[in-house]
1. Do you know which residues across segment 8-45 are in a helix (DSSP H, G or I) and of a type in the set (Ser, Thr, Tyr)?
2. Does residue 5 satisfy being outside any strand (DSSP E or B), out of contact with any Lys or Arg (no Cβ under 8 Å at 6 or more places or on another chain) and surrounded by 12 or more Cβ atoms within 10 Å (Cβ to Cβ)?
3. Out of the residues in segment 50-98 that are outside any helix (DSSP H, G or I) and aliphatic (A, V, I, L, M), which is surrounded by the fewest Cβ atoms within 10 Å (Cβ to Cβ)?
4. If you take the residues in segment 19-32 that are surrounded by fewer than 16 Cβ atoms within 10 Å (Cβ to Cβ) and closer than 24 Å to residue 85 by Cα, which one is farthest from the chain's Cα centre (by Cα)?
5. Tally the residues that are surrounded by 14 or more Cβ atoms within 10 Å (Cβ to Cβ), out of contact with any Leu (no Cβ under 8 Å at 6 or more places or on another chain), assigned to a helix (DSSP H, G or I) and in contact (Cβ under 8 Å) with a residue 60 or more places away in the chain, restricting the search to segment 169-195.
6. Could you tell me whether residue 9 is assigned by TED's automatic domain parsing to the domain that holds residue 124 and aliphatic (A, V, I, L, M)?
7. From 137, 145, grab the single residue that is exposed (fewer than 15 other Cβ atoms within 10 Å of the Cβ) and among the acidic types (Asp, Glu).
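The values are calculated or read from the model by the stated rules, or taken from the named source; none is laboratory data. Bear in mind the structure is a predicted one, so any value in this text is a computation, not a measurement. Cβ coordinates were reconstructed from backbone atoms using ideal geometry, including for glycine residues, and neighbour counts include every protein chain displayed.
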Amino acid sequence: MIRNIVFDMGQVLIDWKPAELIRQFGLSEEDSAALMLEIFGETEWVALDDGTVSEEDALKAICGRLPEHLHPYARILVCDWWKPEFHVKEGIEQLIRDVKAAGYGVYLLSNANTRQAEYCTRLPGWECFDGRVTSAELNILKPDERIYEHLLQKYDLKAEECFMIDDSPANVYSALKCGFRGAVFHDDVARLRKQMAEAGIAAGS
């Protein structure tokens, strides 16, 4: 029986669209493409989520590849992307509140840098969450199975009682290998609710 629902963050709870973050600056196509490539297309962003590089060191490496006039924008994207209001996925907050009201444990398991501790209280339905595991705090990225095992150990959960919701098929597959149930989120809460109901989860409608 499923007793706990485990949510990913980006593209599940909130939108994660780097191109739109860059578009807000109103830069030329060339400058926008450079920011996209050098920040989100290189290894530093992954290393930040893995907790193996500091923001300042990542920014130094990124700025070393960018023209000087783009350095202020790079700093915003690396250090302050989370400060504006989040765009919450439609219907997801109500789903979180429904499963909590139905008696399920609610957990966050995400690939994110250490800044998440500063903004997690702004995530939709945060007061419903019973715990959080972030990749940078462990130096372990999904889909590494060790991060799922850490969640189980930290909160004394049983894999067969957990249901993982993630937009990445690879991440859900790893959860399944650890004994979880789960579903890939395709930006469709109605579909997700149906999949949860098929797994025996009473999440309302």
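1. 32, 43, listed by residue number.
2. In short, no.
3. The extreme case among them is 88.
4. 26
5. Total satisfying the criteria: 2.
6. Working: assigned by TED's automatic domain parsing to the domain that holds residue 124: yes; aliphatic (A, V, I, L, M): yes.
So residue 9 passes the test.
7. Numbers: 137 fails: exposed (fewer than 15 other Cβ atoms within 10 Å of the Cβ).
On inspection, the qualifying residue turns out to be 145.
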